[in-house]
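Below you'll find the structure, written out as C-alpha coordinates, and then a few comments.
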Amino acid sequence: VFDEEGVRDFLDRIKRFLGLASIEGLAFTAEPKIDGLSITLRYENGKLIQGATRGDGYEGENVTANVRTIPDIPKTIKSRGFPDPFELRGEIYMSRAAFQRLNEEQALAGDRLFANPRNAAAGSLRQLDPAITAKRPLRFFAYGWGEVADLPAETQWDAYQVLRAWGFPLNPLIRLTRSVEEMLETYRDIESGRSGLDYDIDGIVYKLDRLDLQQRLGF
(Lines give C-alpha, C1' and ligand atoms only; values in the text may rest on other atoms or scores of the structure.)
Protein backbone atom coordinates (compact mmCIF):
# COMPACT_ATOMS: atom_id res chain seq x y z
CA VAL A 1 0.00 0.00 0.00
CA PHE A 2 1.42 3.37 -1.02
CA ASP A 3 -1.17 5.86 0.34
CA GLU A 4 -4.32 6.21 2.46
CA GLU A 5 -6.60 5.56 -0.52
CA GLY A 6 -4.78 2.28 -1.02
CA VAL A 7 -5.52 1.28 2.59
CA ARG A 8 -9.25 1.83 2.15
CA ASP A 9 -9.30 0.02 -1.21
CA PHE A 10 -7.47 -2.92 0.38
CA LEU A 11 -10.08 -3.15 3.14
CA ASP A 12 -12.99 -2.86 0.70
CA ARG A 13 -11.65 -5.77 -1.36
CA ILE A 14 -11.24 -7.91 1.76
CA LYS A 15 -14.83 -7.20 2.83
CA ARG A 16 -16.17 -8.14 -0.58
CA PHE A 17 -14.14 -11.32 -0.88
CA LEU A 18 -14.98 -12.56 2.63
CA GLY A 19 -18.60 -11.39 2.43
CA LEU A 20 -18.32 -9.13 5.48
CA ALA A 21 -20.47 -6.09 6.26
CA SER A 22 -17.47 -4.40 7.94
CA ILE A 23 -13.95 -5.15 9.12
CA GLU A 24 -14.88 -4.49 12.74
CA GLY A 25 -13.24 -7.08 14.94
CA LEU A 26 -10.47 -7.85 12.47
CA ALA A 27 -6.84 -6.96 13.16
CA PHE A 28 -4.04 -6.25 10.68
CA THR A 29 -0.30 -6.18 11.01
CA ALA A 30 1.50 -3.23 9.40
CA GLU A 31 5.17 -3.00 8.50
CA PRO A 32 7.45 -1.05 6.16
CA LYS A 33 8.14 -2.72 2.81
CA ILE A 34 11.92 -2.83 2.67
CA ASP A 35 13.37 -1.93 -0.72
CA GLY A 36 15.79 -4.82 -0.93
CA LEU A 37 16.09 -8.29 -2.38
CA SER A 38 13.55 -10.99 -1.47
CA ILE A 39 15.05 -14.23 -0.25
CA THR A 40 13.80 -17.67 0.80
CA LEU A 41 15.79 -19.62 3.39
CA ARG A 42 15.18 -23.33 3.83
CA TYR A 43 15.96 -25.09 7.10
CA GLU A 44 16.01 -28.84 7.62
CA ASN A 45 16.71 -30.41 11.01
CA GLY A 46 17.25 -26.88 12.27
CA LYS A 47 20.08 -26.17 9.82
CA LEU A 48 20.15 -23.66 6.97
CA ILE A 49 20.54 -25.77 3.83
CA GLN A 50 19.51 -23.40 1.04
CA GLY A 51 19.05 -19.75 0.18
CA ALA A 52 17.36 -18.67 -3.04
CA THR A 53 16.29 -15.37 -4.56
CA ARG A 54 12.66 -14.90 -5.59
CA GLY A 55 13.53 -14.71 -9.29
CA ASP A 56 10.35 -14.82 -11.36
CA GLY A 57 8.27 -16.14 -8.47
CA TYR A 58 8.76 -19.76 -9.50
CA GLU A 59 12.50 -20.15 -9.97
CA GLY A 60 15.27 -18.08 -8.41
CA GLU A 61 19.04 -18.14 -8.03
CA ASN A 62 20.79 -20.44 -5.56
CA VAL A 63 22.78 -18.11 -3.30
CA THR A 64 23.23 -20.46 -0.34
CA ALA A 65 26.95 -19.90 0.14
CA ASN A 66 26.45 -16.15 0.06
CA VAL A 67 23.56 -15.93 2.55
CA ARG A 68 25.65 -17.96 4.99
CA THR A 69 27.99 -14.96 5.23
CA ILE A 70 25.25 -12.57 6.45
CA PRO A 71 25.46 -12.21 10.27
CA ASP A 72 21.72 -11.48 10.69
CA ILE A 73 20.76 -14.89 9.28
CA PRO A 74 20.92 -17.79 11.79
CA LYS A 75 22.71 -20.81 10.40
CA THR A 76 21.34 -23.21 13.03
CA ILE A 77 18.15 -23.08 15.09
CA LYS A 78 18.21 -25.11 18.30
CA SER A 79 14.84 -24.04 19.70
CA ARG A 80 12.54 -26.87 20.75
CA GLY A 81 9.56 -27.15 18.45
CA PHE A 82 11.29 -25.62 15.43
CA PRO A 83 9.47 -27.08 12.37
CA ASP A 84 11.16 -29.47 9.98
CA PRO A 85 11.24 -28.43 7.22
CA PHE A 86 10.84 -24.68 7.49
CA GLU A 87 11.06 -22.05 4.77
CA LEU A 88 11.58 -18.48 5.93
CA ARG A 89 10.97 -15.50 3.67
CA GLY A 90 12.55 -12.13 4.13
CA GLU A 91 14.39 -9.20 2.64
CA ILE A 92 18.12 -8.65 2.30
CA TYR A 93 19.05 -4.99 2.23
CA MET A 94 21.84 -2.49 2.76
CA SER A 95 21.53 0.53 5.03
CA ARG A 96 21.97 3.98 3.57
CA ALA A 97 25.06 4.63 5.68
CA ALA A 98 26.64 1.32 4.65
CA PHE A 99 25.79 2.03 1.01
CA GLN A 100 27.56 5.38 1.19
CA ARG A 101 30.66 3.81 2.75
CA LEU A 102 30.68 1.06 0.12
CA ASN A 103 30.54 3.55 -2.73
CA GLU A 104 33.36 5.54 -1.15
CA GLU A 105 35.45 2.36 -1.04
CA GLN A 106 34.49 1.57 -4.64
CA ALA A 107 35.59 5.04 -5.75
CA LEU A 108 38.94 4.76 -3.97
CA ALA A 109 39.53 1.39 -5.62
CA GLY A 110 38.57 2.75 -9.02
CA ASP A 111 35.60 0.38 -9.26
CA ARG A 112 32.12 1.25 -10.52
CA LEU A 113 29.67 2.88 -8.13
CA PHE A 114 26.29 1.42 -7.26
CA ALA A 115 23.18 3.42 -8.17
CA ASN A 116 21.28 2.82 -4.92
CA PRO A 117 21.26 0.56 -1.83
CA ARG A 118 18.98 -2.00 -3.46
CA ASN A 119 21.31 -2.48 -6.43
CA ALA A 120 24.26 -2.66 -4.06
CA ALA A 121 22.54 -5.36 -1.99
CA ALA A 122 21.53 -7.36 -5.08
CA GLY A 123 25.00 -7.11 -6.61
CA SER A 124 26.63 -8.11 -3.34
CA LEU A 125 24.40 -11.13 -2.84
CA ARG A 126 24.94 -12.39 -6.39
CA GLN A 127 28.73 -12.40 -6.23
CA LEU A 128 30.29 -15.61 -7.52
CA ASP A 129 32.81 -15.45 -4.69
CA PRO A 130 31.17 -15.66 -1.23
CA ALA A 131 34.27 -14.03 0.25
CA ILE A 132 33.31 -10.81 -1.54
CA THR A 133 29.74 -11.04 -0.23
CA ALA A 134 31.11 -11.52 3.28
CA LYS A 135 32.86 -8.14 3.04
CA ARG A 136 29.65 -6.35 2.05
CA PRO A 137 27.47 -4.89 4.87
CA LEU A 138 24.26 -6.82 4.14
CA ARG A 139 21.36 -6.98 6.58
CA PHE A 140 18.22 -9.09 6.81
CA PHE A 141 14.62 -8.79 8.01
CA ALA A 142 12.21 -11.73 8.11
CA TYR A 143 8.61 -11.11 7.06
CA GLY A 144 6.96 -14.45 6.32
CA TRP A 145 7.25 -18.12 5.58
CA GLY A 146 6.67 -20.67 2.85
CA GLU A 147 6.65 -24.43 3.35
CA VAL A 148 6.35 -25.27 7.03
CA ALA A 149 5.52 -28.55 8.75
CA ASP A 150 3.64 -26.93 11.63
CA LEU A 151 3.67 -23.24 12.49
CA PRO A 152 2.73 -22.80 16.18
CA ALA A 153 0.56 -19.71 15.68
CA GLU A 154 -2.94 -18.81 14.53
CA THR A 155 -2.25 -15.16 13.73
CA GLN A 156 0.37 -13.18 11.85
CA TRP A 157 1.26 -11.25 15.00
CA ASP A 158 1.80 -14.41 17.07
CA ALA A 159 3.82 -15.91 14.22
CA TYR A 160 6.08 -12.87 14.30
CA GLN A 161 6.67 -13.38 18.02
CA VAL A 162 7.56 -17.01 17.33
CA LEU A 163 9.99 -16.03 14.56
CA ARG A 164 11.61 -13.52 16.88
CA ALA A 165 11.93 -16.14 19.64
CA TRP A 166 13.66 -18.45 17.17
CA GLY A 167 16.27 -15.76 16.55
CA PHE A 168 15.11 -14.23 13.27
CA PRO A 169 15.35 -10.42 13.04
CA LEU A 170 12.10 -8.56 12.38
CA ASN A 171 11.56 -4.90 11.59
CA PRO A 172 11.06 -3.03 14.90
CA LEU A 173 8.35 -0.84 13.31
CA ILE A 174 5.90 -3.75 12.87
CA ARG A 175 2.60 -2.95 14.58
CA LEU A 176 -0.72 -4.66 15.24
CA THR A 177 -3.65 -2.44 14.23
CA ARG A 178 -7.29 -3.04 15.18
CA SER A 179 -9.17 -0.34 13.27
CA VAL A 180 -9.07 1.73 10.09
CA GLU A 181 -7.97 4.69 12.19
CA GLU A 182 -5.02 2.75 13.63
CA MET A 183 -4.05 1.50 10.16
CA LEU A 184 -4.03 5.04 8.79
CA GLU A 185 -2.23 6.38 11.86
CA THR A 186 0.47 3.75 11.40
CA TYR A 187 0.77 4.68 7.73
CA ARG A 188 1.18 8.37 8.58
CA ASP A 189 3.67 7.68 11.38
CA ILE A 190 5.92 5.51 9.22
CA GLU A 191 5.69 7.86 6.24
CA SER A 192 6.47 10.92 8.36
CA GLY A 193 9.58 9.22 9.73
CA ARG A 194 10.62 7.74 6.41
CA SER A 195 13.45 10.19 5.78
CA GLY A 196 14.97 9.34 9.15
CA LEU A 197 15.18 5.61 8.48
CA ASP A 198 18.58 4.18 7.63
CA TYR A 199 17.10 2.02 4.88
CA ASP A 200 14.83 2.58 1.90
CA ILE A 201 11.18 1.56 1.91
CA ASP A 202 8.58 1.66 -0.85
CA GLY A 203 5.28 1.52 0.99
CA ILE A 204 3.56 -0.20 3.90
CA VAL A 205 2.55 -3.87 3.93
CA TYR A 206 -0.71 -4.72 5.70
CA LYS A 207 -1.59 -8.34 6.46
CA LEU A 208 -4.83 -9.71 7.80
CA ASP A 209 -3.87 -11.05 11.22
CA ARG A 210 -5.90 -14.26 11.23
CA LEU A 211 -4.02 -16.89 9.25
CA ASP A 212 -7.15 -18.89 8.44
CA LEU A 213 -8.66 -15.84 6.74
CA GLN A 214 -5.37 -15.19 4.95
CA GLN A 215 -5.62 -18.66 3.43
CA ARG A 216 -9.14 -17.92 2.21
CA LEU A 217 -7.96 -14.69 0.60
CA GLY A 218 -5.02 -16.30 -1.20
CA PHE A 219 -2.43 -14.21 -3.00
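The values are calculated or read from the model by the stated rules, or taken from the named source; none is laboratory data. Note that this is a predicted model, so its numbers are computed, not measured. Counting neighbours? That spans all protein chains shown, and the Cβs are built from the backbone with ideal geometry, glycine included. Calculation scope for accessible area: heavy atoms of the full protein, side chains included, ligands and nucleic acids excluded. Shrake-Rupley method; radii C 1.70, N 1.55, O 1.52, S 1.80 Å.
Just a few scattered comments:
- Taking the chain as a Gaussian network of alpha-carbon nodes connected by springs under 10 Å, the highest mean-square fluctuation of the residues Thr53, Thr64, Thr76 belongs to Thr76.
- Using a probe radius of 1.4 angstrom, the carbon and sulfur fraction of the accessible surface of the chain is 47%.
- For Lys135, the aspartates and glutamates whose Cα falls under 20 Å of its own Cα, not counting residues fewer than eight places away in the same chain, are Asp72, Glu91, Glu104, Glu105, Asp111, Asp198.
- Every pair of different Cα atoms in the chain enters the Kirkwood calculation, which places the hydrodynamic radius at 18.7 Å.
- Candidate lysines - alpha carbon under 18 Å from Lys47, same-chain residues fewer than 8 apart omitted: Lys75, Lys78
- Relative packing of 122-129, 204-211, which averages over residues the other C-beta atoms within 10 Å, highest first: 204-211, 122-129
- Distance-filtered residues of the range 120-139 - backbone nitrogen under 14 Å, label point 7 angstrom along Glu61 Cα→Cβ: 120-134
- Alpha carbon convex hull of the range 97-219, volume per residue in cubic angstrom: 153 Å³
- Accessible area per residue, Å², the range 46-100 with all protein chains present, probe 1.4 Å: 53 Å²
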